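Here is the structure we will look at, set down as structure tokens.
The values are calculated or read from the model by the stated rules, or taken from the named source; none is laboratory data. Quantities reported herein were computed from a predicted structural model and do not represent experimental measurements. Every residue, glycine as well, gets a Cβ built from its backbone with ideal geometry; the counts of neighbours run over all protein chains shown.
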Amino acid sequence: MGIKTTKDSIDLGIVTNNGPAMFAFYRDVLGLEHTGDMPMPVSVGGTMHRFACGTTVVKLVVPAKASPNKPAPGGLAGGTGYRYWTVSVSNLDEIVATAKQAGRRVPIPRTNVRPGVDIAMIEDPDGNWVELLELRAS
């Protein structure tokens, strides 16, 4: 027994106190399509900005009242729990260059992790890491 999925991907919720910078990062740096906004119907209030990443929806939530809590810094080694998420791409160098031009930190530049697979990690304005994975023809 297990979950019976109805979609071929997951959706990702990112809560931030830094709405404008995070919105610009996901739309302008990563190039995700902004598909709309909606008010948050739960107790935090605020707004959910929705971005398409393939069939995944990245839900950027800006609460009505800023949270005093911050994510643990330091990427992979900074703490436990959800530390990064991965997007498979065909233009790794282009996205890394765009991130650098936008002043974003690239803690892991293009790195070959196994034959035919390269990754890079980019840090968003809140310190969350986004892994970009590119399959190369062998």
Pair list, Cβ < 6 Å and 6+ apart or interchain, from region 2-15 residues that are surrounded by 11 or more Cβ atoms within 10 Å (Cβ to Cβ) to residues that are part of a loop (DSSP other than H, G, I, E, B): Ser9/Thr55
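Would you check if there is a residue in region 96-103 being in contact with a strand residue (DSSP E or B) (Cβ under 8 Å, 6 or more places away or on another chain) and either farther than 17 Å from Gly31 by Cβ or part of a loop (DSSP other than H, G, I, E, B) (or both)? Show your work before the answer.
Quick first cut of region 96-103, residues in contact with a strand residue (DSSP E or B) (Cβ under 8 Å, 6 or more places away or on another chain) only: 96, 99.
Those left that are additionally either farther than 17 Å from Gly31 by Cβ or part of a loop (DSSP other than H, G, I, E, B) (or both): none.
Scanning region 96-103 turns up no residue that is in contact with a strand residue (DSSP E or B) (Cβ under 8 Å, 6 or more places away or on another chain) and either farther than 17 Å from Gly31 by Cβ or part of a loop (DSSP other than H, G, I, E, B) (or both).
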Criterion violated by Phe23 - all others in (1) more than 17 Å from Ala120 (Cβ to Cβ); (2) surrounded by fewer than 14 Cβ atoms within 10 Å (Cβ to Cβ) satisfied: (2)
Qualifying positions in region 14-45 - of a type in the set (Gly, Ala, Ser) and either modelled with pLDDT of 95 or more or assigned by TED's automatic domain parsing to the domain that holds Glu131 (or both): Gly19, Ala21, Ala24, Gly31, Gly36
Residues (buried (at least 18 other Cβ atoms within 10 Å of the Cβ) and closer than 23 Å to Val15 by Cβ) located in region 105-130: Met121, Ile122, Glu123, Asp124, Pro125, Asn128, Trp129, Val130
Selection from region 84-138 of residues that are touching a Ser or Thr at 6+ places or on another chain (Cβ under 9 Å) and of a type in the set (A, V, I, L, M): Val87, Ile119, Ala120, Met121, Val130, Leu132, Leu133, Leu135
Members of region 33-82 that are touching a Pro at 6+ places or on another chain (Cβ under 7 Å), of a type in the set (Val, Ile, Thr) and in a loop (DSSP other than H, G, I, E, B): Val44
